[in-house]
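First up is the structure itself, then whatever we jot down about it.
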Amino acid sequence: MPIAAVQSWSLQRTLGRPVAADAFPWPGGMEAHPGDGLPLLELPARLADRGFGVVQLCHFQLPTRDAGYLADLRGALDDAGVTLDALLLDTGDLSSPDHGDEVEGWARAWIDDAAALGAARIRIVGGRQEPSAEAIGAAAARLRRLVEGSPGVRIVTENWRELLSGPDVVLQLLDETQGLVGLLVDLGNWGGPTKYDDLRRIAPFAETCHAKCHASADGTGLDAADYTRSLQVLADAGFDGALALVFEGPGDDEWAGLDAERAIVREVFPNA
C-alpha cells in the first residue's frame, strides 16, 4: 500500500538550510552552510509527531559522516519509529568521461553510510551528460559495479538531470543495468505536453517516488490538477511504494505545505 513520506528538502528552511562543508566536491553545488534551525537528530521525532513514518534524507543535510553521528541518527529514527526509505545523493556525474570514476568511488563511500543509517535505498544521479549511447553505457557500467559492492542497500536512480531527461533514456539505462538498479520517479521533474505520457512509460518501474507538487500558475497555491493527474499515473501503474512529498512553496510554512500536499495525495491514494 502506498504511504505518504517526507523528502527532507521540503524542510530545508525548517532545518536552517544546512549544507555540509564537504557535500559538493564538484563545481556547481550549493555553498556550505552550518544550518541554524531544527537539528537533524530531532527531525525523526518531529516527523512522527506530524504523522509521518517514512522519510528520505538529502546527503548534504548530514552535518558529519562520523560513525558516531550516523549511529545517533539511526537511533533517533528507530526511537521515533520512522523508516529511512532512501538516502539521496544530490550530486555526481557517473556518465562523465573525466570524473566518472571519481564519482563512482565517492558514491561507494556513501553507500556504506546509507547502510550505517539503515537506509533501504540510496538514490544516485544517473548522469549530467547529454544522452548518448556512450554516456548511458558509462553510467550503466558504473552503476552495475556499485551494486556489486552494496549488499543490503538498494541502488536507485531518478528521472532527473541531463542524462535521464526523457523516458527513452530512462528505460535504456534500466535495461543496461540488467535489472540491478531500481527507479525513483519524480512527478515534477518533467513537463510539457507529453508529461503524463512520459511518466506513464516509466511508472511501472518505479519503486519509490518524489511526489512533487508545483505551485499554481498565479503562485498563490498548489497546482492540484497537475498533481492529481501525475499521481493517477502512478495509481494506474499499481505503484506500491513511498510517496515522499516534496514541498517547494508557495508560502513559508513547510509543514502546512506538506499537509496540503498529503490531502491531495489522499484523493488518489486514500490510505496514504
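Please treat every number below as a calculation from the coordinates, not as lab data. All figures in this text were calculated on a predicted structure; none of them were measured in a lab. Every residue, glycine among them, receives a Cβ derived from its backbone with ideal geometry; neighbour counts consider all protein chains shown.
Quick notes
- Model label sites at Asp72 and Ala45, defined 7 Å from Cα along the beta-carbon direction, differ in position by 1.3 nm.
- Seen from a random direction on average, the alpha-carbon convex hull of the stretch 138-192 projects onto 3.9 square nanometres.
- The stretch 118-251: Cα Rg divided by the 2.2 N^0.38 Å rule of thumb: 1.08
- Between the alpha-carbon centres of the stretch 238-267 and the stretch 88-153 there is a gap of 28 Å.
- Ranked packing of 164-174, 69-79, most packed first, by mean Cβ within 10 Å: 164-174, 69-79
- In order along the stretch 5-17, the phi-based Karplus estimate (6.51 cos²θ - 1.76 cosθ + 1.60, θ = phi - 60°) of 3J(HN,Hα) comes to 10, 10, 8, 5, 4, 4, 10, 4, 6, 4, 7, x, 6 Hz; Gly and Pro are listed as x.
- Note on the stretch 3-81: semi-axes of the ellipsoid equivalent to its C-alpha gyration tensor, largest first and rounded to whole Å, are 22, 14, 11.
- Taken along its three principal axes, the alpha carbon spread of the stretch 222-272 comes to 34, 19, 15 Å, from the longest extent down to the shortest.
- Peptide ranges 236-246, 21-31, 99-109 listed from the most packed, as the mean C-beta count within 10 angstrom indicates: 236-246, 99-109, 21-31
- For peptides 226-232, 209-215, 80-86, sequence by mean Cβ density within 10 Å, most packed first: 209-215, 80-86, 226-232
- For the stretch 40-173, the equivalent ellipsoid built from the Cα gyration tensor has semi-axes of 30, 15, 12 Å, listed from largest to smallest.
- Interatomic Cα distance distribution for the chain, bins of 10 angstrom, percent: 7, 30, 38, 23, 2
- Of the residues Trp110, Trp9, the one with the fewest other Cβ atoms within 10 Å heads the list, and the complete ranking is Trp110, Trp9.
- Potential lengthening between Arg145 and Ala235 on full extension [0.36 nm per residue; Cα-Cα distance subtracted]: 29.1 nm
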